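Accompanying notes for the structure given below.
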There are 2 protein chains.
Amino acid sequence: MDDLPESDAFGAMCRDYHEGGDAFEVIERDDGFVECPAGPELYFSTPDEWSALGHAAVEWAEGHVLDVGCGPGRHALALQERGHDVTGIDLSPGAIGVARDRGVEDVQRYDVADAADLDGLFDSAVLLGNNFGLVGSAERAPEVLGSLAEATTDAATLIASSLDPLDTDDPAHLNYHERNRDRDRLPGRIRIRTRYRQYIGEWHDYLHAAPETMRDLVEETRWTVDAVEREGPRYVAKLHKA
Amino acid sequence: MDDLPESDAFGAMCRDYHEGGDAFEVIERDDGFVECPAGPELYFSTPDEWSALGHAAVEWAEGHVLDVGCGPGRHALALQERGHDVTGIDLSPGAIGVARDRGVEDVQRYDVADAADLDGLFDSAVLLGNNFGLVGSAERAPEVLGSLAEATTDAATLIASSLDPLDTDDPAHLNYHERNRDRDRLPGRIRIRTRYRQYIGEWHDYLHAAPETMRDLVEETRWTVDAVEREGPRYVAKLHKA
């Protein structure tokens with residue numbers, strides 16, 4: 001049963017859900033705040049369950065697509081169905097195994113910061129399911145976005161979703177933003193880990209960025225924001241390479 | 001919004017669910033294992049959603065009932081509907097507030113070990129929803145069961161539910177049992193705390209005891225097990241005072 005490292009909480013959850021078991025996801029933030037978000041129901045959702053944002057994201061994609069943080073492959077599968085070649089990358093061995101088992105044709109274990117080392121140039125890169133957050137922080141964003149610029153063609157499209165962290169009145173979140181500002185960090189930078197049963201993921205930084213923050217962050221990169229579709233706090237942005 | 005102590009994770013969950021919000025419960029064990037059990041859906045369930053065990057438990061109750069660890073009151077309300085006077089006790093301020101708001105007529109903040117200090121003698125005491133676990137450990141059980149003996153009439157009935165911890169093939173649980181045995185503890189003694197959003201409950205011992213373990217534990221008390229109804233790992237036992 002247990003070929004996954006204890007740190008692959010995300011992958012163990014994906015594996016168990018994929019195998020028909022109960023599964024859940026606990027996200028723990030470094031201030032002690034915990035959540036049980038939609039979890040596997042979201043990661044395994046199909047396009048008929050998506051809002052307009054998800055549909056816009058896959059419609060914007062062109063050619064050979066790099067799906068960054070593909071998880072069990074909901075976007076990769078939808079893109080394949082639309083006729084795209086897709087390469088998925090993820091750090092979770094469990095999620096990679098599930099994505100392959102579900103039919104994602106090319107899935108590799110890669111950090112987004114190393115995307116430039118992948119073979120071939122992609123026509124699009126997608127950071128969906130809030131995965132613009134994988135830039136981690138203002139400091140790390142240029143490296144990640146630069147890597148994606150190197151991994152893609154000159155006419156490439158980048159499609160990135162995030163949520164506006166300031167679109168909340170929850171004191172637990174507002175206090176966390178304030179703590180971040182006191183440390184000269186962007187308010188929506190969260191340090192989190194995934195927990196699932198005995199599995200405990202590694203702490204990592206994830207960035208929720210309002211559209212204007214995304215525009216600021218890409219300014220010093222080769223990317224430019226062309227369009228934003230928004231639904232409440234969530235949005236998806238289309239960027240092109242300048 | 002926040003009149004509850006940060007340690008009242010259980011009560012905050014009950015309050016938010018009662019007020020119509022999303023709510024969930026994370027149970028964290030001291031080995032790092034986490035679960036998201038049924039949580040509020042279970043604590044707020046109504047008798048039409050219960051299995052035969054829950055019905056047996058409320059049918060066995062007699063006269064004025066002490067509901068130990070009443071939470072938001074699902075058993076207390078069902079007992080009131082059946083014509084019983086009920087006194088609920090719980091340690092969670094949030095749960096107590098919700099139980100009162102839902103119509104439980106007498107709810108007090110009391111530790112089960114202090115039940116003997118309550119006014120009046122009860123005809124029955126109930127430890128439902130696995131709340132036999134509130135005895136905590138083999139060492140603490142005589143004090144808790146003795147307190148319930150003092151709080152009740154000579155002809156009193158005690159109704160207690162638990163689950164057989166050995167009825168599992170889950171390695172995460174089997175390993176925990178082994179760790180307990182190595183420390184001369186009953187295998188089903190778990191040290192846990194509840195987490196919900198920014199709320200973190202206090203660590204406490206909770207005991208899952210097989211029926212034969214329950215029989216052993218009550219041997220040195222005034223209680224005797226008369227009947228056990230079992231469904232899979234779960235069971236409810238009826239005890240009388242010898």
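The residue list A:P72, A:P40 contains one member that is out of contact with any strand residue (DSSP E or B) (no Cβ under 8 Å at 6 or more places or on another chain), within 14 Å of another protein chain (Cβ to nearest Cβ) and open to solvent by less than 30 Å² (accessible area, probe 1.4 Å), which is A:P40.
Listed residues B:E25, B:E81, B:E6, B:E62; which is within 14 Å of another protein chain (Cβ to nearest Cβ), modelled with pLDDT of 95 or more and open to solvent by 50 Å² or more (accessible area, probe 1.4 Å)? On inspection, the qualifying residue turns out to be B:E6. Condition check for A:E220 on (1) away from every other protein chain (no Cβ under 14 Å); (2) modelled with pLDDT of 95 or more: one failure, at (2).
Only one of these is among the small types (G, A, S), under 16 Å from the mean Cα position of the chain (by Cα) and under 30 Å from B:D8 (Cβ atoms): A:A76, A:A38, A:A61. Name it. Give the steps one after another, and end with the answer.
Values: A:A76 fails: under 30 Å from B:D8 (Cβ atoms); A:A61 fails: under 30 Å from B:D8 (Cβ atoms).
Just a single option satisfies the conditions, and that option is A:A38.
One line per residue, one yes/no per condition, for (1) closer than 30 Å to B:D22 by Cα; (2) surrounded by fewer than 22 Cβ atoms within 10 Å (Cβ to Cβ); (3) more than 13 Å from every other protein chain (Cβ to nearest Cβ); (4) touching a helix residue (DSSP H, G or I) at 6+ places or on another chain (Cβ under 6 Å):
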{"residue": "B:S147", "(1), (2), (3), (4)": "no, yes, yes, yes"}
{"residue": "B:I159", "(1), (2), (3), (4)": "no, no, yes, yes"}
{"residue": "B:D170", "(1), (2), (3), (4)": "yes, yes, no, no"}
{"residue": "B:P187", "(1), (2), (3), (4)": "no, yes, yes, yes"}
{"residue": "B:W203", "(1), (2), (3), (4)": "yes, yes, yes, no"}
{"residue": "B:A210", "(1), (2), (3), (4)": "no, yes, yes, no"}
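Among the residues of segment B:199-213, those identified as in contact with a strand residue (DSSP E or B) (Cβ under 6 Å, 6 or more places away or on another chain) and among the small types (G, A, S) are B:G201, B:A209. Among residues of segment A:17-35 being over 13 Å from A:R195 (Cβ atoms) and without any contact (Cβ under 8 Å) to a residue 60 or more places away in the chain, the one that is nearest to the chain's Cα centre (by Cα) is A:Y17.
Just checking, how many residues over segment A:9-22 are within 12 Å of chain B (Cβ to nearest Cβ) and touching a helix residue (DSSP H, G or I) at 6+ places or on another chain (Cβ under 7 Å)? It would help to see each step written out before you state the result.
Residues of segment A:9-22 within 12 Å of chain B (Cβ to nearest Cβ): A:9, A:12-13, A:16, A:21-22.
With the extra rule that they be touching a helix residue (DSSP H, G or I) at 6+ places or on another chain (Cβ under 7 Å), the set shrinks to A:12-13.
Within segment A:9-22, residues that are within 12 Å of chain B (Cβ to nearest Cβ) and touching a helix residue (DSSP H, G or I) at 6+ places or on another chain (Cβ under 7 Å) number 2.
Please tell me if A:A113 is of a type outside the set (S, T, N, Q) and in contact (Cβ under 8 Å) with a residue 60 or more places away in the chain. Against the criterion (of a type outside the set (S, T, N, Q) and in contact (Cβ under 8 Å) with a residue 60 or more places away in the chain), A:A113 does not qualify.
The C-beta contact set for segment A:129-147 (first residue within 26 Å of A:S51 (Cα to Cα), second residue part of a helix (DSSP H, G or I), distance under 6 angstrom, 6+ apart or interchain) comprises A:L134/A:V112; A:V135/A:A141; A:V135/A:V144. Just one residue in the set B:L166, B:L148, B:L134 is closer than 26 Å to B:E229 by Cα, over 18 Å from the mean Cα position of the chain (by Cα) and hydrophobic (A, V, I, L, M, F, W, C); that residue is B:L166. For segment B:172-183, residues that are open to solvent by less than 20 Å² (accessible area, probe 1.4 Å) and not small (G, A, S) total 3.
Residues that are among the polar types (S, T, N, Q) and either within 16 Å of the chain's Cα centre (by Cα) or not in a helix (DSSP H, G or I) (or both) within segment B:176-211 comprise B:T194, B:Q198, listed in sequence order.
Within segment B:212-242, being out of contact with any Phe, Trp or Tyr (no Cβ under 9 Å at 6 or more places or on another chain), assigned to a strand (DSSP E or B) and open to solvent by less than 70 Å² (accessible area, probe 1.4 Å) holds for B:W223, B:T224, B:V225, B:Y235.
Output the residues belonging to segment B:18-60 that are closer than 19 Å to A:D170 by Cα and touching a Gly at 6+ places or on another chain (Cβ under 8 Å). So that I can check it myself, show each step before the final result.
Of all residues in segment B:18-60, those closer than 19 Å to A:D170 by Cα come to B:18-25.
Within segment B:18-60, B:A23, B:F24, B:E25 qualify.
Of all the residues in segment B:95-124, those that are buried (at least 24 other Cβ atoms within 10 Å of the Cβ), over 16 Å from the mean Cα position of the chain (by Cα) and more than 26 Å from B:A237 (Cβ to Cβ) number 1.
The values are calculated or read from the model by the stated rules, or taken from the named source; none is laboratory data. From a predicted model like this one, the values you see are computed outputs, not experimental measurements. Every residue, glycine among them, receives a Cβ derived from its backbone with ideal geometry; neighbour counts consider all protein chains shown. Areas reflect the complete protein model, heavy atoms only, side chains present, ligands, DNA and RNA absent. Shrake-Rupley method; radii C 1.70, N 1.55, O 1.52, S 1.80 Å.
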